[in-house]
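Taking it in order: structure first as structure tokens, then the write-up.
The values are calculated or read from the model by the stated rules, or taken from the named source; none is laboratory data. Computed from a prediction, not measured in an experiment: that's the story for all the values here. Glycine gets a Cβ as well: all are built from the backbone with ideal geometry, and neighbour counts include every protein chain shown. Remember, those area values only see protein heavy atoms, side chains included, never the ligands or the DNA or RNA. Shrake-Rupley method; radii C 1.70, N 1.55, O 1.52, S 1.80 Å.
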Amino acid sequence: MANKTDIIIVGGGVIGSSIAYNLLNDGYTGEITVFEKDKLYEFASTPRSAGGIRQLFTTGINVQIGRYGLKKYTTFAEDMAVGDEKAEIDFKQRGYLFLAKHENLDYLKKQMEMQQSYGVPSKLLLKEDLLSIIPELHNADLQGGLYCAEDGYLDPYSVMQGYARKARELGASYVYEDVEKIQSNRGKVTGIQLKNGNTYEAPIVINCAGPWAPSLSESAGLPIPVVPLKRQIIQFEIAEPLKNELPLTVDPTGVYFRHEGTSIITGYGEKVKPGIDFKWNRSFFEEQLWPILAERVPNFERAKITGGWAGIYSHNTEDQNAIIGEHPKMGGYFMAVGFSGHGMQQAPAVGKGISELIRTGEYETIDLTPLRFERFAERKLVIEGAIV
Ligand SMILES: Cc1cc2nc3c(=O)[nH]c(=O)nc-3n(C[C@H](O)[C@H](O)[C@H](O)COP(=O)(O)OP(=O)(O)OC[C@H]3O[C@@H](n4cnc5c(N)ncnc54)[C@H](O)[C@@H]3O)c2cc1C
């Protein structure tokens, strides 16, 4: 006998778990089954993320999504409590700071105006103001920066577990199995088949498989413009501590850094071939990151690497933004994929949006239709300038 459920979610990372939670929390009464192949989340993108939460985007849709996410994360510990156990996520609202050279300053000013129109308290800082945030900063070649004090960073693993725990409490089932393919009949999704041969039937299947989302979608004969891209993060200690706690700071080169405890973590969008690859190496730091870091903050010159890791971006090759909603060619097949480096901050709004779409047929809180799959055929791409 086939197993039956109402909604299948493939992937129990931050996105799949946020969707499961939001559906149930919003009153969905059907049965939700989440399939996760990696019970310890060893390779999922979520725990390998830098955990940056920001509203500093260049498109209205991403600003709204970021703002919604930020608000949810400020009350996450209480909202996701199970019994008297709070869901602590260590959200440090130490700000986000994009540093700018002369040619970028007008561009940042326009971004600030747009962000403020959505209520984001972003501020344009002049060269000298930067030192009030990072007194040790080498600012000679900078003109200023775009700063938002409300933003910050958190512990991604705890967010994911918070959503999953609460979703389970509300009735979601997690099944730790590998999904082999999505099944369909006459343009409608019918369920999934597992690697072990078992099948589950459901009228709704949601692809939240992160870096593995493209191959899952191909199993239904529906390719998506997403590829896996390796991204490394290196952790290092410095001999002379900084005066202030760092905001998540993005150098004009794209190299970013922030505090992690008393150490610093740093990363950069290096050029790599698409593929799943978890190797990290010190030479990446020594050759690509350190020269920029040491020039920007003299304290970083004496850096001692204490660790590192690689994770995978789900990189949308068309416009680097998420793909959200039902596939136009297969009824009941929903996607929440292609988040590149901004899935942590988008998880709350995406969970809410998919919940609304499935329960009511439309978005209510934030209109996520600009992120629909059809935008590629329509050439209505969502070009985001602040990709990290
Ligand atoms: C180095 C790095 C830094 C980042 N920094 C930030 C940041 O600062 N801020 C930010 O917002 N975002 C950041 N991101 C991006 C963010 O981590 C991701 O966008 C987000 O975690 C995506 O969540 P997800 O649930 O879609 O994917 P995942 O966390 O990868 O979850 C997908 C899950 O699906 C499971 N799965 C896949 N295929 C199957 C299958 N066939 N059957 C069953 N299970 C399956 C996987 O095992 C996995 O657990 C970063 C990412 C990386 C790699």
* To do: Mind checking the per residue accessible area of the range 309-388 for me, 1.4 Å probe, whole number of Å²?
  => 34 Å²
* Structure fact -> Here the averaged projected area of the range 283-380, based on the convex hull of its alpha-carbon atoms and given in nm², is 9.4 nm²
* Beta carbons within 10 angstrom, averaged per residue: use that to sort the peptides 190-201, 216-227, highest first. => 216-227, 190-201
* To do: Report Rg(Cα)/(2.2 N^0.38 Å) for the range 81-204, keeping two decimals.
  => 1.71
* Under a straight-distance cross-link criterion of Cα-Cα below 16 Å, which aspartates and glutamates are reachable from Lys352, leaving out those fewer than 8 residues away in the same chain? -> Asp26, Asp79, Glu326, Glu362, Glu364, Asp367
* To do: Quick one: among Gly12, Gly52, Gly308, which has the greatest mean-square fluctuation in a GNM of the chain with alpha-carbon springs under 10 angstrom?
  => Gly308
* Structure fact -> Pairs over 22 Å Cα to Cα, from Lys101/Lys123; Lys37/Lys166; Lys188/Lys380; Lys37/Lys72; Lys37/Lys181, come to Lys188/Lys380; Lys37/Lys72
* Highest-first arrangement of 321-334, 101-114, where packing means the average Cβ count within 10 Å -> 321-334, 101-114
* In sequence order, calculated HN-Hα J values of the range 188-203 (Karplus, 6.51, -1.76, 1.60; Hz; x Gly/Pro) -> 10, 5, 10, x, 9, 10, 7, 4, 7, x, 5, 10, 10, 9, 6, x
* Vicinal HN-Hα couplings computed from phi for the range 306-315 (Karplus, 6.51 cos²θ - 1.76 cosθ + 1.60; Hz; Gly/Pro x) -> 10, x, x, 7, 10, x, 10, 7, 8, 9
* Under Karplus coefficients 6.51, -1.76 and 1.60, residue-wise ³J(HN,Hα) of the range 272-287 in Hz, glycine/proline x -> 9, 7, x, x, 8, 8, 9, 7, 10, 9, 5, 5, 4, 5, 4, 8
* Asked: Looking at the chain, what % of its DSSP beta bridges pair antiparallel, to the nearest 5?
  -> 70 percent
* To do: Scale the Cα Rg of the chain by the rule-of-thumb value 2.2 N^0.38 Å and send over the ratio, two decimals.
  => 0.99
* Counting each DSSP H run of 4 or more residues in the chain as -39500 (n - 2.57), what helix-only mean residue ellipticity at 222 nm follows after dividing by all residues, to the nearest 500 deg cm²/dmol? -> -7500 deg cm²/dmol
* Asked: In what sequence, highest mean first, do 69-80, 262-273, 16-27 appear when ranked by Cβ atoms within 10 angstrom?
  -> 16-27, 69-80, 262-273
* Just Gly30, Gly351, Gly95 to compare: in a GNM of the chain, with alpha carbon springs under 10 Å, which one fluctuates most? -> Gly30
* **Spatial separation of Cα centroids for the range 207-234 and the range 323-388, in angstrom** => 15 Å
* Asked: Going by alpha carbons, how many degrees (0 to 90, nearest 10) lie between the helix axis of 14-25 and the longest principal axis of the chain?
  -> 60 degrees
